Amino acid sequence: MQKEFLEKLQGLTILYAEDEVGIRENIADSLSYYVKEVYEACNGAEAFEVFETKKPDIILSDIHMPILNGIDFVKKVREVNRTIPIVMITAHTDKKYLLEAVELHMEKYIVKPIELEALFEILEKCVELLTINKKIFLKVDENYSYDYDRKELKYKDEAIILNKKEMNFFEVLISNQNRVVTYEELQEKVWGDDIMTDSALRSLVRNLRKKLPTDIIFNLSGVGYRLV
């Protein structure tokens, strides 16, 4: 596997929905060595709860599950998120199910028994998609979207005008949504060769907070900032 792919994978979280305990635990255990975290669910209803609370980067879902099957689970996901990469897993090559899954904009499907080599090939495609898809929705609040190409931040389709430094600051937080961005990183990535004073940083954050409809910027005193 390519080093760049593995490095990107290390920062991602995966939701794995599978009702067969042995299969789920085995695959989840294998994946946990390569990704930041694997969230497990035993049916579609539980998977949707995990999806809403944990905001995973990629979804792996079996089709045939109790309470809420994989197709209906993905339908619920797609009602609120059209971009998250989804891989469907099935023991059947039933065209009806697969056609329905394709219509729900899934990336790939994989047939049981799952071979890790094939799974990682599919995950590599998912990572590429996450990289290519420049417009992202914030995990803390999906009402916010940011388009990297247009340098455009929106809240519920209403544009929020940012100056260059505010935009750079916000992009750094977006690129590191799972952790706190340190003051040292902000100095390097936002201020560059200029000196980042405490008052300049506080002023930037204060002005940015005034522009945002909700308070999503959190300061961990003495460490840095993150989105919450």
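The table for this structure:
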| read-out | value |
| --- | --- |
| Conditions (1) among the aliphatic types (A, V, I, L, M); (2) surrounded by 14 or more Cβ atoms within 10 Å (Cβ to Cβ); (3) more than 21 Å from the chain's Cα centre (by Cα): number failed by Met167 | (3) |
| Subset of the stretch 186-228 (residues that are within 17 Å of Asn163 (Cα to Cα) and hydroxyl-bearing (Ser, Thr, Tyr)) | Ser203 |
| Test: residue in the stretch 131-153 that is modelled with pLDDT under 80, assigned to a strand (DSSP E or B) and open to solvent by 50 Å² or more (accessible area, probe 1.4 Å) | yes |
| Selection from the stretch 187-228 of residues that are exposed (fewer than 15 other Cβ atoms within 10 Å of the Cβ), among the hydroxyl-bearing types (Ser, Thr, Tyr) and closer than 23 Å to Glu152 by Cα | Ser203, Thr214 |
| Failed condition for Lys36, given (1) of a type outside the set (Val, Ile, Thr); (2) under 20 Å from Asn176 (Cα atoms); (3) surrounded by fewer than 19 Cβ atoms within 10 Å (Cβ to Cβ); (4) free of Cβ contacts under 8 Å to residues at least 60 places away in the same chain | (4) |
| Asp193 being within 22 Å of the chain's Cα centre (by Cα) and either part of a loop (DSSP other than H, G, I, E, B) or of a type in the set (Val, Ile, Thr) (or both) | no |
| Those residues of the stretch 39-77 which are β-branched (Val, Ile, Thr), open to solvent by 10 Å² or more (accessible area, probe 1.4 Å) and under 19 Å from Phe137 (Cβ atoms), in sequence order | Val50, Thr53 |
| Complete set of residues in the stretch 78-101 that are at pLDDT below 85 and either exposed (fewer than 12 other Cβ atoms within 10 Å of the Cβ) or not in a loop (DSSP other than H, G, I, E, B) (or both) | Val80, Arg82, Thr90, Thr93, Lys95, Lys96, Tyr97, Leu98, Leu99, Glu100, Ala101 |
| For Asn178: the one exception among (1) over 26 Å from Gln10 (Cα atoms); (2) open to solvent by 50 Å² or more (accessible area, probe 1.4 Å); (3) polar (S, T, N, Q) | (1) |
| Residue match in the stretch 200-214 (condition: under 30 Å from Phe51 (Cα atoms), touching a residue at least 12 places away in the same chain (Cβ under 8 Å), basic (Lys, Arg) and in a loop (DSSP other than H, G, I, E, B)) | no |
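The values are calculated or read from the model by the stated rules, or taken from the named source; none is laboratory data. Every value quoted in this text rests on a predicted model; they were computed, and no experiment measured them. Quick reminder, even Gly has a Cβ in these numbers, built from the backbone with ideal geometry, and neighbours come from all protein chains shown. With ligands, DNA and RNA removed, areas are computed over all heavy atoms of the protein, side chains included. Shrake-Rupley method; radii C 1.70, N 1.55, O 1.52, S 1.80 Å.
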